[in-house]
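Student: Next up is a structure, given as structure tokens.
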Ligand SMILES: Cc1cc2nc3c(=O)[nH]c(=O)nc-3n(C[C@H](O)[C@H](O)[C@H](O)COP(=O)(O)OP(=O)(O)OC[C@H]3O[C@@H](n4cnc5c(N)ncnc54)[C@H](O)[C@@H]3O)c2cc1C
């Protein structure tokens, strides 16, 4: 990889996202499929985003996913400890019973930190046909749309370099 691009990639900082899955024996149905809650880390209320998975996929009835964006005190907890606190938050907020099971998925490098002065590397890395796709190659903040756009641009650049035309 060209050295300037490697240096540009190295200055990118990442932020974590942690998802706590709670499974209930009696599938709850929240009034809305998605909630944005007030967080109170000092009270153990870490989860701002709550998704009732049943309302987007009937096969997921009984599962809530609670998404915690960014770094914070929750990262110092064990998976069991965090799941217990999030379960308490659901009890306090929605009057749910205790869940029957839980799973915690912490993603350490979930999104690029959109800080001032952030430089994205150019999509084309080298003359021999290496192109960046995904978050790193996108001029937008870390989003599905941005990464798909970067992927399409990379594929189109490769097709053009190979002399392929779109049908
Ligand atoms: C929990 C969470 C919630 C999010 N919520 C939203 C949202 O609501 N809206 C939104 O727009 N964006 C959201 N994002 C951001 C969005 O998911 C990312 O911006 C996007 O997925 C980045 O796409 P990507 O192609 O760069 O990377 P990824 O989607 O991570 O794809 C990289 C792929 O490469 C594979 N891979 C990695 N290493 C190797 C290897 N060595 N060999 C082969 N394969 C490999 C991985 O398995 C993965 O499938 C969220 C991200 C997270 C983590």
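The values are calculated or read from the model by the stated rules, or taken from the named source; none is laboratory data. Just so it is clear, the model here is predicted, and its values are computed rather than measured. Every residue, glycine as well, gets a Cβ built from its backbone with ideal geometry; the counts of neighbours run over all protein chains shown.
Student: Does residue 19 satisfy the condition of being under 29 Å from residue 137 (Cβ atoms) and crowded, with 17+ Cβ neighbours inside 10 Å?
Tutor: Against the criterion (under 29 Å from residue 137 (Cβ atoms) and crowded, with 17+ Cβ neighbours inside 10 Å), residue 19 qualifies.
Student: Right, here's the next one. Taking the stretch 103-121 only, how many residues are over 18 Å from the mean Cα position of the chain (by Cα) and within 16 Å of the ligand (Cβ to nearest atom)?
Tutor: If we filter the stretch 103-121 for residues that are over 18 Å from the mean Cα position of the chain (by Cα), which is where we start, we get 116-121.
Narrowing the set further to residues that are within 16 Å of the ligand (Cβ to nearest atom) leaves 118, 120-121.
Selection size over the stretch 103-121: 3.
Student: Of all residues in the stretch 73-94, how many are surrounded by fewer than 14 Cβ atoms within 10 Å (Cβ to Cβ) and assigned to a loop (DSSP other than H, G, I, E, B)?
Tutor: 1
Student: Hey, another quick one. Name every residue in the stretch 40-59 that is within 16 Å of the ligand (Cβ to nearest atom) and either more than 26 Å from residue 142 (Cα to Cα) or surrounded by 14 or more Cβ atoms within 10 Å (Cβ to Cβ) (or both), in order of residue number. Walk me through it before giving the result.
Tutor: Quick first cut of the stretch 40-59, residues within 16 Å of the ligand (Cβ to nearest atom) only: 46-53, 55-57.
Hits for the stretch 40-59 are 46, 47, 48, 49, 50, 51, 52, 53, 55.
Student: Please go through the stretch 122-145 and pick out each residue that is more than 18 Å from the chain's Cα centre (by Cα) and surrounded by 11 or more Cβ atoms within 10 Å (Cβ to Cβ).
Tutor: We begin by selecting, within the stretch 122-145, every residue more than 18 Å from the chain's Cα centre (by Cα); these are 122-132.
122, 123, 124, 125, 129, 130, 131, 132, listed by residue number.
Student: What strands (runs of 3 or more DSSP E), lying completely within the stretch 1-52, carry at least 2 residues that are under 22 Å from residue 103 (Cβ atoms) and more than 17 Å from the chain's Cα centre (by Cα)? First the steps, then the outcome.
Tutor: Numbers: elements: 14-23, 34-36, 49-52.
Correct list: 14-23.
Student: Let me ask you something else. Go through 97, 106 for me and flag whichever is at pLDDT 85 or above, in a loop (DSSP other than H, G, I, E, B) and within 30 Å of residue 32 (Cβ to Cβ). Break it down stepwise before answering.
Tutor: Working: 106 fails: in a loop (DSSP other than H, G, I, E, B).
Only one candidate passes the filter, namely 97.
Student: Under the condition of being in a loop (DSSP other than H, G, I, E, B) and touching a strand residue (DSSP E or B) at 6+ places or on another chain (Cβ under 6 Å), which residue from the stretch 122-147 is farthest from the ligand (Cβ to nearest atom)? Give the steps one after another, and end with the answer.
Tutor: To start, the set of residues in the stretch 122-147 that are in a loop (DSSP other than H, G, I, E, B) comprises 122-123, 125-130, 132-134, 138-143.
If we keep only those that are touching a strand residue (DSSP E or B) at 6+ places or on another chain (Cβ under 6 Å) too, we end up with 123, 142.
Values: 123: 13, 142: 4 Å.
Checking each candidate, the answer is 123.
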